[in-house]
1. Please work out, to two decimal places, the log10 of the ratio I(q)/I(0) at q = 0.14, 0.16, 0.17 Å⁻¹ from a Debye calculation in which every Cα of the stretch 25-144 carries one identical scatterer.
2. How large are Rg and Dmax for the stretch 112-247 when calculated on the C-alpha trace, in angstrom?
3. How do 180-186, 127-133 rank on mean C-beta neighbours within 10 Å, highest first?
4. Please give the length that would be gained between M257 and N222 if that part of the chain were fully extended, namely 0.36 nm times their separation in residues minus their C-alpha to C-alpha distance (nm, one decimal).
5. For the Cα atoms of the chain, what angle does the longest principal axis make with the long axis of helix 43-54, in degrees from 0 to 90, nearest 10?
6. For the chain, with the dipole built from +1 on Lys and Arg beta-carbon atoms and -1 on Asp and Glu ones, taken about the Cα centre, which of N241, M178, I88 lies farthest toward the positive end?
7. Strictly over 22 Å apart at the Cα level, which of K177/K220; K182/K233; K139/K233; K48/K107 would you flag in this model?
8. Springs between alpha-carbon atoms under 10 Å, Gaussian network over the chain: tell me which of P123, P34, P83 tops the mean-square fluctuations.
Amino acid sequence: MNNRIIIILSLSILFSLCACEKEEIEFMPLDDYPVTQGSNPTRIISEKIFEYFTGLNDNEGNYYKICHSGTSAAYYDFLEGDPEIEMIITQQADPQTEEAMKEYFFKPIAKDALVFITNIDNPVDELTLIQIKNILNGKINNWQEVGGNDEPINLFVRNESGGSQILLDKYVIQKNKMKKVKEKNIANDMQDMSKYVAKNYHNGSTLGYTTYYFAEFSGKRNDVKTIKIDDVKADYDSINNDIYPFISYIFIGIKDMDLPAGKIYEWI
């Protein structure tokens, strides 16, 4: 595993177990291990925790206990959709869901960030927060207005329940309105967002958003680049030191400290 990924996730205690001798623990039987839901980019965390506590890996399909299918799906299943879901490791929720999670054991365990991405051929490398907001609300529609080529800003957005859309609403849109885009410009997951943004369409260079971890590691593409915000680039230092403006968190949630999930929660 890339050591930089380990550092970026701010889980040095957890992931250092990959590189140094493990502390002596009694492995958890597979049947006891909690069924875990979560965001797609946080699956790697669930896998490493699973390996640590069970001594198993995916060589024989043992990861069936890990069923990450997206941020909103994870919270829904945990709160009311699936009683078998005992643990979630996922990105931040919307404010209403965060309030509902207060009834359970719920805490942040790592840092990530919301980042804006464009195709690699776009000459624009930086935007201000005000420019971002004006692009999203439709006041700015041409890249020339922000120092780029004279071509339309081809904006791609996430579906309403997408994890990065939740972050966008919380940190950027807030109570303002976002302009509507055509259905073909709506990405249902991070992979689609990255794929759409990578193309320099005839009707203008692209703009989209995702999480830092996905953009730079798990979903990194050479034809996509992240954009600085107010002259701050999202990287380990700017996220770790709270300099980058759109820092987000990864959370763990469990229902009962007396179940095996409680042992994992306490250890983290």
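Please treat every number below as a calculation from the coordinates, not as lab data. Quick caveat, the model's predicted, so the values are computed rather than measured. Glycine gets a Cβ as well: all are built from the backbone with ideal geometry, and neighbour counts include every protein chain shown.
1. -0.74, -0.85, -0.91
2. Final numbers for Rg and Dmax: 13.5, 39 Å.
3. Details: 180-186: 11.1, 127-133: 16.9.
Final packing ranking: 127-133, 180-186.
4. Values: separation 35, 0.36 × 35 = 12.60 nm, distance 4.35 nm.
Here the answer is 8.3 nm.
5. 10 degrees
6. M178
7. Values: K177/K220 30 Å; K182/K233 30 Å; K139/K233 24 Å; K48/K107 18 Å.
Pairs exceeding 22 Å: K177/K220; K182/K233; K139/K233.
8. Greatest mean-square fluctuation among the candidates belongs to P83.
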